[in-house]
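A.B. asks: Submitted below is the structure of interest, expressed as C-alpha cells.
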Amino acid sequence: ENILTVLQKRFLDIKQTENVKQVQIFKNAGADAGMSIQHSHWQLIGLPTVSKRQENYEKTAKEYYDKNNSCILCDMIAWEKEHKSRVCCETEEFIAITPYASRFSYEIWLLPKKHISSFAQLEKKELKELAKIKKKMLKRITELREDISYNICFIEGGTEEVQQHGKGLHWSVQILPRIGGFAGLEFATETYINSVLPET
C-alpha cells in the first residue's frame, strides 16, 4: 500500500511535467523479464509521445464505446463475473481475471470494478485493496515455479483528452509471467503463442 501511494504521487508529479504525453509505470522481476538491478524496484517513465500500444487501446475503446455506448472492459468484467471461468479473485473494489486470448501463460489483469480511467483516480481505500489483491496474485504467480520472472504493467485508460470524453478504457494492472521467451513469430508479427488456456 505504501509503495502504491508513492507511485501514485510520483505519477501525478511526472504527469504535470512539460512535454510528457504518457507516464508508464512498470516492474521487471527476474532476468527473463528484463530486470537489470538485483533489488526489487519499480520504474516510472515520462514519455514525450503516446506509445503505439496506448494509441491502439484508445482507438479500440472509442470504437467500442461509439458502437455499444459502454466501456469494453466494463462489459468484459460483467461477462467474466457472470460466467466465472476466468475469474482468479474478487474483492469489493477489484477483480482479477485471466483475459481471453491472453499473450502469456497465466497472464492476470487486475481491474477496478467501477470505471476508473487512470491510476491517478484511485482513492486511498482502492489503493489498499489493490495492494491486497496484487499481493495475492503475485503469490500465485511466484508459486508456478522457482525464480519465475514476471512483468507488472500499469495500463492507463487513455490520454486526458480521451478520458474527458468518457471514452477511456478502464485503468488496469497486467501481471505477465515470463514462461518461455518470444521467438520469431512474436517478434515478426506480434502474434503470441500461449500454450496454457486462460481457463486453466
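A.B. asks: Mind listing the phi-derived Karplus ³J(HN,Hα) values for the stretch 47-60, rounded to whole Hz, using 6.51, -1.76 and 1.60 with θ = phi - 60°, and x for any glycine or proline?
C.D. replies: 9, x, 9, 8, 5, 4, 5, 5, 4, 5, 4, 4, 4, 4
A.B. asks: Count charges around Glu93 for me, please; just the other residues with Cβ under 15 Å from its Cβ, Lys/Arg as +1, Asp/Glu as -1.
C.D. replies: Spelling it out: positives minus negatives among the neighbours equals +4.
A.B. asks: Can you give the FRET efficiency for Thr142 and Lys67, using 1/(1 + (r/R0)^6), R0 = 35 Å, r = Cβ-Cβ distance, to the nearest 0.05?
C.D. replies: Once rounded, the FRET efficiency stands at 0.30.
A.B. asks: Moving to a separate point now. Any idea which of Trp79, Phe119, Ser105 is furthest toward the positive side of the dipole for the stretch 15-149, if Lys and Arg beta-carbons carry +1 and Asp and Glu beta-carbons -1?
C.D. replies: Phe119
A.B. asks: For the stretch 1-129, with every protein chain kept in place, what is the accessible area per residue (1.4 Å probe, Å²)?
C.D. replies: Result: 57 Å² per residue.
A.B. asks: Between Thr200 and Thr5, how high is the FRET efficiency from 1/(1 + (r/R0)^6) when r is the Cβ-Cβ distance and R₀ = 35 Å? Nearest 0.05.
C.D. replies: Efficiency at R0 = 35 Å is approximately 0.50.
A.B. asks: In the stretch 64-125, which GluC sites (Glu not before Pro) fall in coil by DSSP and have 13 or fewer other Cβ atoms within 10 Å?
C.D. replies: The qualifying sites are Glu92, Glu123.
A.B. asks: Let me ask something else. Treating the beta-carbon of each Lys and Arg as +1 and of each Asp and Glu as -1, no other charges, what is the dipole magnitude of the stretch 1-120 about its Cα centre, to the nearest 20 debye?
C.D. replies: That gives a dipole near 200 debye.
A.B. asks: Would you kindly find the accessible area of Met35, with a 1.4 Å probe and non-protein molecules such as ligands, DNA and RNA excluded, rounding to the nearest 10 Å²?
C.D. replies: Using a 1.4 Å probe on the heavy atoms, I get roughly 40 Å².
A.B. asks: Follow-up. Which cross-chain or sequence-distant (5 or more) residues have an amide H under 5 Å from the amide H of Cys88, H modelled 1.01 Å from N in plane?
C.D. replies: Ala96, Ile97, Thr98
A.B. asks: Could you sort out which of Lys15/Lys114; Lys27/Lys135; Lys21/Lys67; Lys9/Lys139 sit more than 18 Å apart by Cα distance in this structure?
C.D. replies: With Cα atoms farther than 18 Å apart: Lys15/Lys114; Lys21/Lys67; Lys9/Lys139.
A.B. asks: Another one. Under the 0.36 nm per residue contour assumption, what length would be gained going from the current alpha-carbon distance of Ala101 and Thr49 to full extension?
C.D. replies: Full-extension gain reported as 15.9 nm.
A.B. asks: Let me ask something additional. Full extension from Ala78 to Ser40: what is 0.36 nm times the residue separation minus their Cα-Cα distance, to one decimal in nm?
C.D. replies: So the chain would gain 10.2 nm between Ala78 and Ser40.
A.B. asks: Please list 3J(HN,Hα) in residue order for the stretch 129-134, calculated via the Karplus relation 6.51 cos²θ - 1.76 cosθ + 1.60 where θ = phi - 60°; whole Hz, with x for glycine and proline.
C.D. replies: 5, 4, 4, 5, 6, 5
A.B. asks: Want the number for Cys89 to Asn19: 0.36 nm per residue separation, take away the alpha-carbon distance, what's left?
C.D. replies: Full extension from Cys89 to Asn19 adds 21.4 nm.
A.B. asks: List the trypsin sites (Lys or Arg not before Pro) within the stretch 77-106 that fall in a DSSP loop (any state other than H, G, I, E or B) and whose Cβ has at most 13 other Cβ atoms within 10 Å.
C.D. replies: Lys84
A.B. asks: How much solvent-accessible surface does His83 expose, in Å² to the nearest 10, with a 1.4 Å probe and all protein chains in place?
C.D. replies: 90
A.B. asks: Label Tyr192 and Lys124 with points 7 Å out from Cα along Cα→Cβ: what is the distance between them in nm?
C.D. replies: Here the modelled spin labels are 3.6 nm apart.
A.B. asks: To the nearest 20 debye, what is the magnitude of the charge dipole of the chain about its Cα centre, counting +1 on the Cβ of each Lys and Arg and -1 on the Cβ of each Asp and Glu?
C.D. replies: 360
A.B. asks: Gaussian network model of the chain, Cα springs within a sub-10 Å range: biggest mean-square fluctuation belongs to which of Asn69, Asn28, Asn151?
C.D. replies: Most flexible of the set in this elastic network: Asn69.
A.B. asks: So how exposed is Thr191, as accessible area in Å² (1.4 Å probe, rounded to 10)?
C.D. replies: Thr191 has an accessible surface of roughly 70 Å² with all protein chains in place.
The values are calculated or read from the model by the stated rules, or taken from the named source; none is laboratory data. What you are looking at is a predicted structure, and each value in this text was computed from that prediction instead of being measured. As a convention, Cβ positions derive from the backbone with ideal geometry for all residues, glycine included, and neighbour counts pool all protein chains shown. Remember, those area values only see protein heavy atoms, side chains included, never the ligands or the DNA or RNA. Shrake-Rupley method; radii C 1.70, N 1.55, O 1.52, S 1.80 Å.
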